[in-house]
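Below: the structure, in structure tokens.
The values are calculated or read from the model by the stated rules, or taken from the named source; none is laboratory data. None of these values were measured; they are calculated from a predicted model. All Cβ positions, even for glycine, are placed from backbone atoms using ideal geometry, and neighbour counts span all protein chains on display. The accessibility values were calculated without ligands, DNA or RNA, using every heavy atom of the protein model including side chains. Shrake-Rupley method; radii C 1.70, N 1.55, O 1.52, S 1.80 Å.
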Amino acid sequence: MTTRRILVDADACPVKDEIYKVAWRLEVPVTIVSNSPIRIPAHPLIDRVVVSDGFDAADDWIAERAAPGAVVVTADILLADRCLKAGASVLAPTGKPFTTSSIGSAIATRAIMADLRAGGDQLGGPAAFSKTDRSRFLQALDTMLVKLR
């Protein structure tokens, strides 16, 4: 049996409170990983790791610990790819799971958008985070953790 746990790429994560709720209900430990201290609830299931502010330091810490049984919460496509390759489940804060079958097209889209921006194209950013995203995330995290049980 694999040990369930949640690893959070926390610096810009908008769903930390939702993660805590699901973790407490299902009794799953959570590690909040960031480049600077982030306030966390005083609870035995919640742990905080502050890494250096070096480039990709949080990503590297998470990727090194991603394994079967872990759910990684990140919006970072390249980190998602690394974690999937390590056998972890990966979920975006919008509730969209990254999978081995979807990650290739996500990486390709990311590369195209970077090329367009580098060429001077003015592109809008991602859609504003919504209540629907929050609700979808809660349901997806719950489902993912129950499947890992």
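Pull up all non-local amide H partners of F98: gap of 5 or more, or a different chain, and H-to-H distance under 5 Å with H placed in the peptide plane.
V90, L91, A92
Helix 103-118 versus the longest principal axis of the chain: what is the Cα-based angle in degrees, 0 to 90, to the nearest 10?
It is inclined by approximately 40 degrees.
Using a 1.4 Å probe and counting only protein heavy atoms, arrange D60, D17, D53 so the residue with the most accessible area comes first.
If we order D60, D17, D53 from most to least accessible, we get D53, D17, D60.
In Å, what Kirkwood hydrodynamic radius results for the range 24-68 from the alpha-carbon pair distances?
11.6 Å
Let's test the formula: R0 of 25 Å, r as the Cβ-Cβ distance of I38 and S130. What FRET efficiency results, to the nearest 0.05?
0.65
Chymotrypsin sites (Phe, Trp or Tyr not before Pro), restricted to the range 23-100: which are DSSP loop and have at most 10 other Cβ atoms within 10 Å?
In loop regions of the range 23-100 (DSSP not H, G, I, E or B), the sparsely surrounded chymotrypsin sites (Phe, Trp or Tyr not before Pro) are F55.
Could you check what % of the DSSP bridge pairs in the chain are antiparallel, to the nearest 5?
Beta bridges within the chain, antiparallel portion: roughly 10 percent.
What percentage of the solvent-accessible surface of the range 1-87, computed with a 1.4 Å probe over protein heavy atoms, is contributed by carbon and sulfur atoms?
Roughly 52 percent of what the probe reaches on the range 1-87 is carbon or sulfur.
Taking the convex hull of the Cα atoms, report for the chain its projected area averaged over all directions, in nm².
If you wrap the Cα atoms of the chain in a convex hull and average its projections, you get 9.3 nm².
How large is the helix-only mean residue ellipticity at 222 nm for the chain, computed as the sum of -39500 (n - 2.57) over DSSP H runs with n ≥ 4, divided by its residue count, in deg cm²/dmol to the nearest 500?
Only helices count here, giving -13500 deg cm²/dmol.
Rounded to the nearest 0.05, what FRET efficiency do S101 and L138 give with R0 = 22 Å and r taken as the Cβ-Cβ distance? Could you check?
Once the sixth-power term is evaluated, E becomes 0.40.
Using the Karplus curve 6.51 cos²θ - 1.76 cosθ + 1.60 with θ = phi - 60°, what ³J(HN,Hα) values do you get for each residue of the range 41-53, in whole Hz, with x for Gly and Pro?
Here the 3J(HN,Hα) series is x, 7, 8, x, 7, 10, 10, 10, 10, 9, 9, 5, 8 Hz.
Put V50, V71 in order of accessible area, largest first, 1.4 Å probe: what do you get?
From most exposed to least exposed: V50, V71.
Considering only Cα-Cα distances, which of the following residue pairs are longer than 20 Å: K85/K131; K21/K85; K96/K147?
Listed pairs above 20 Å: K85/K131; K21/K85.
Where does the range 1-77 land on Rg/Rh, using Cα atoms and the Kirkwood Rh?
Reported Rg/Rh, Kirkwood definition of Rh: 0.94.
If you count only protein heavy atoms and use a 1.4 Å probe, how large is the accessible surface of R4, to the nearest 10 Å²?
Accessible area of R4: about 40 Å².
Compute the accessible area per residue over the range 13-74, keeping the other protein chains in place, probe 1.4 Å, unit Å².
With all protein chains present, the range 13-74 gives 49 Å² per residue.
Contour minus end-to-end for D56 and L78, with contour as 0.36 nm per residue of separation and end-to-end as the Cα-Cα distance?
6.9 nm
Hey, rough spin-label estimate for L45 and E27, points 7 angstrom out along Cα→Cβ, what's it come to in nanometres?
Distance between label points: 0.9 nm.
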